[in-house]
Ligand code: AGP
């Protein structure tokens, strides 16, 4: 995870680095640091200044304000701890022993223990527990070696040293390096972790994600996997993993990637929950315009060949994206009639099922950078390629909110959910966007396979068209209601979420949201499973939140809920207003809609209740402890 920013140009680097890091803080916020290089009038080498602070970025900002970090070249880092506790000594940038070379890194160096031992045997002393610290020492050694062979300090020499070191590193990482002997050179490298270059006016920025470029440039050059680049005031030199010079044209950032403002909302998460009606409106406008033919009820940019011959689907994802995948699987199986399996991407990597023919693999990741999801997709593509049978050929689709991310470069087909940038670490509007993508897919497959009637297809598309307005009203109502209910949860330590069928994944998502931002222990169960064990947890102090919407399992959920009531549990029902309200202590009403579409609405009370419970406890909602928005490590 972690965010890195680097800049070289004519302006003071420190404010640009800090502003960039502020916009990347969602990637990690355990500690932060910057290193800057200033040209010295007295010496050939530059003056390197490094400032680090434990905790949130605000601590580093105060430090830099008091002590300053001059220079037009610099690197910055906001950390999500992997190796070593969140302490100042483990904060990046890390330096070589001379203090003249600084490195920031996002990722994991898997062979750092062996490398560290080798360096220690040569007398190098380490000051941190991080995996990253081996890198500046290794680069420094390579530079010494190159210089001892008569080569002069230059940007190219630094680039060569970084390239040589990268051959020794195992793992996934993105890094940026500065060296006081080359005060006009910045070297960056990318191996399976995101990094892109922004081309500003008289300056270049390099960052883990596009928000860091906001206000500086919209012209970007995303780095490809395995590339290394040398950035100087004269331009960019880009090299592939073999050291071959690469020439590529930059592209323009589209959409709202640079809009990172809370507006009048107290937290990004609340703003993003409110934005869901707009996410739905844009989706309906784009994919369900009026007048589409019955046989193609969704406007997706795929040719017929994309759908042809698909007999089964597997979906790979993590966390909230996996919950969206579970709803998707329900729709694809029950509405479109395609056998569909969902896997934790992290499990799939090491225990994939035997290959099945004519199968579409879908990767779901809002960030497009989740290491487990990307690796699972890549592993699946490779084993299919190796198999060599045309029926088993790799067919992949990615569902993401970041069309410029790694997944979009890795898989041939993409559904961009276009939810706009999501800053809150707890996913909300991107979850809704992912769900909508699956509704679109299910409709597309269903109409092609005649798995349900035209009437059913028209009915679902009409319900989807009504969704934006329904969401808008529902969000307003539940924002108020959840803020009134939140004080009841002040001492709550455990919450059970129940759902069945298409709403079971929403129970899982409700529990995940509550855990993530309020730190209350919560579990989601299929309501019918309660009696097989979890019911032992129930008592007066354990609220049970049950989703029950009219449909196949409505009566079943109500019976399961009665079992909880008999154990004194406080019952909260997410149900249409007039249904079975006598069963529940509290009702969080949702509109009466078909069971198919109900997850798109039942998730809203879950999100808002979690939000207000956490807000009522005074917690840091947008940056919950131990989490990060983009999980780019295994
Ligand atoms: C969501 O609230 C979580 N922060 C987390 O579970 C997230 O969904 C997961 O890490 C997957 O992220 P992705 O969608 O970017 O792949």
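Just so you know, all these numbers are worked out from the coordinates, no wet-lab data involved. Please read all numbers here as calculations on a predicted model, not as lab measurements. No Cβ is skipped: glycine too gets one built from the backbone with ideal geometry, and neighbour counts run over all protein chains shown.
Listed values, structure above:
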quantity	calculated
Nitroxide proxy distance, nm - points 7 Å out along Cα→Cβ at residue 249 and residue 455	5.3
Ordering of 207-219, 171-183 by packing [mean C-beta count within 10 Å, highest first]	171-183, 207-219
Residues listed by number, segment 401-445, amide nitrogen under 13 Å from residue 302 label point at 7 Å toward C-beta	412-416, 437-445
Relative contact order of the chain, pairs being alpha-carbon contacts under 8 Å that are 6 or more residues apart, as %	12
Length released on extending from residue 310 to residue 125, taking residue separation times 0.36 nm less the Cα-Cα span	60.9 nm
Highest average packing first - 310-317, 144-151, 586-593, 437-444, Cβ atoms within 10 Å	437-444, 310-317, 586-593, 144-151
Rounded to 5, percent antiparallel among DSSP beta bridges of the chain	60
Spatial separation of Cα centroids for segment 410-477 and segment 17-91, in angstrom	41
Angle in degrees between helix 155-166 and the longest Cα principal axis of the chain, rounded to the nearest 10	50
Förster radius 60 Å - calculated FRET efficiency between residue 168 and residue 278 (Cβ-Cβ, nearest 0.05)	0.80
Viscosity 1.002 mPa s, 20 °C: Kirkwood-radius Stokes-Einstein D of the chain over Cα pairs, µm²/s	83
Antiparallel bridges, percent of DSSP beta bridges restricted to segment 220-360 (to nearest 5)	55
Relative packing of peptides 545-556, 70-81, 461-472 - highest average C-beta neighbours within 10 Å first	70-81, 545-556, 461-472
Inter-label distance, nm, simple model (7 Å from Cα along the C-beta direction), residue 352/residue 286	2.9
For segment 469-624, the Rg and Dmax computed from alpha carbons only, in angstrom	14.2, 41
Label-point separation, residue 58 to residue 559 (7 Å along Cα→Cβ), nm	5.4
For 112, 92, order by how many other beta-carbon atoms lie within 10 Å, fewest first	112, 92
Rel. contact order, % - alpha carbon contacts under 8 angstrom, at least six apart, segment 469-624	30
With Cα atoms, 0 to 90° folded angle of helix 276-287 axis to the chain main axis	90
Part-to-part distance (alpha-carbon centres) for segment 107-153 and segment 479-545, which is given in Å	49
Angle between the chain longest axis and helix 454-485 axis [Cα atoms, degrees, rounded to 10]	70
Net length gained if the chain between residue 147 and residue 67 were fully extended (0.36 nm per residue, minus Cα distance)	25.4 nm
Estimated FRET transfer efficiency (residue 242, residue 634; beta-carbon r; R0 30 Å; 0.05)	0.70
Calculated FRET efficiency for the pair residue 541/residue 89, C-beta based, R₀ 56 Å, to 0.05	0.85
